[in-house]
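Here's the structure we're looking at; comments come further down.
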Amino acid sequence: MEIDPIITDVLEDVGSKIAMGLGGMLGCELTLPAPSTILTTKKEFFAKTRKKQVMVRMIVSGDHEGDIFIFCRLKDAVQLGGTLIMLPPAELEERVKKEIFGEEEADSFGEIANIVSGELCSAFDELYPEKLHFKMDGLESIVPSKIKMDSPEPFPPGLYLKAAYPVTLDGQELDELLMIFPAAMLGISVPETPDLEAEASEETPAVSESAPGRLVNPEEAAALLGDLSPDSSSSAGIAVETTPEAKPVQAGQPIPMDEEPNLEGAEPVILVVAIDGSYGQEINSMINDHGYNSALVDRKENFNDLSRSLNGRVKGLVLAMDEIGDQSFSVAIKVRTAFGESVPLMATGSQWTRSKVLKAVKYGVCDILVTPASEEEVLEKVEAHFKAAQSIAV
């Protein structure tokens, strides 16, 4: 299962922050490049982690509650802790060699763990859609071969996200720093048994022709897709009522379009967000040609900054895409968060399936336009959602 790009971006930022904060504290050059990420189980994790470890348990509070776990090879924990308390080189080397992790080493490594928890809080607060706070709750040495897989200690069986950071201290390569997050805490879920019906619907395009203007709730969306009139002559998408499940997220750095969007003046504006392909430009032109003030922006625009600068003028959002995947839904989260749930959000694309429709609904999309679509079909959607809902004067 592919990891959400939002999560990988946050974890990369965590490494950068730890390297800077902890490196300054140690007075050394510390690097933690972008981590590798993989979904794993308790059994798989300990099967690949054989050397003695120091495990830090961190309590998570906020939108989700639970624990995460950070693993550092015991020798590296002694190295880092000894560096912090400025042990003489010869003594530090001896302690590392003998893997001495006594009270002094535990206290100094605990200080390091506190720095890590602070950087985790900072990165997740800045970039992650939900509020999560991390607090160090003790540490212990672990011998992986002695862990019982069916025991709740040091953490229970289940699905986890493992982030593995390469670590270099003053040019010396250490073992990886490992972070273990319960998958559910990060919104990752995988069914225990395959759903063959869902797999079939995912592989088969669910929309070829559709009856426009029909409103349904999220539970009925998939059923509607399978119940469209075969002789319908319209491809103008379907409308689905959404529930307020949008999640906040910090958008990435802006990348300018070839042409700067026309956002001057004080009149209401519709933003067309180009995710991929060239259809965004076409839809933007259609909307502008019929009396609306529409602007085309790139998917990597900083939507939070844009929302602040436009100060409530955005009255409609259109996600223009060709491929409908995780990147598309990531952008949906960003724009929904930046502009609020009251601003109608429409998505366009050509290859919709039942599961993708339901996912779009979950992330705040109120209507879907199947492309390619005629100018009349595009304007029908614009009128239905943007003019009626937000009273945009044409």
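The values are calculated or read from the model by the stated rules, or taken from the named source; none is laboratory data. Fair warning: this is a prediction, and the values are worked out from it, not measured in the lab. Cβ: placed from backbone, ideal geometry, glycine included. Neighbour counts: every protein chain shown.
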Top-ranked residue in segment 136-184 [being of a type in the set (Ser, Thr, Tyr) and surrounded by fewer than 18 Cβ atoms within 10 Å (Cβ to Cβ); ranked as modelled with the lowest pLDDT]: 151
Residue that is surrounded by the most Cβ atoms within 10 Å (Cβ to Cβ), among those in segment 37-75 that are within 24 Å of residue 143 (Cβ to Cβ) and of a type in the set (Ser, Thr, Tyr): 49
Residues of segment 5-52 classified as among the hydroxyl-bearing types (Ser, Thr, Tyr) and assigned to a strand (DSSP E or B), total: 5
Cross-chain or 6+ apart pairs with Cβ under 6 Å, segment 338-360 first and over 24 Å from residue 379 (Cβ atoms), then among the acidic types (Asp, Glu): 353/202; 355/202
Hits in segment 83-105 (condition: crowded, with 18+ Cβ neighbours inside 10 Å and in contact (Cβ under 8 Å) with a residue 40 or more places away in the chain): 83, 84, 101
Conditions (1) free of Cβ contacts under 8 Å to residues at least 12 places away in the same chain; (2) over 22 Å from residue 144 (Cα atoms); number of the one not met by residue 44: (2)
Which listed residue is modelled with pLDDT of 80 or more and farther than 27 Å from residue 126 by Cβ, from 375, 323, 301: 375
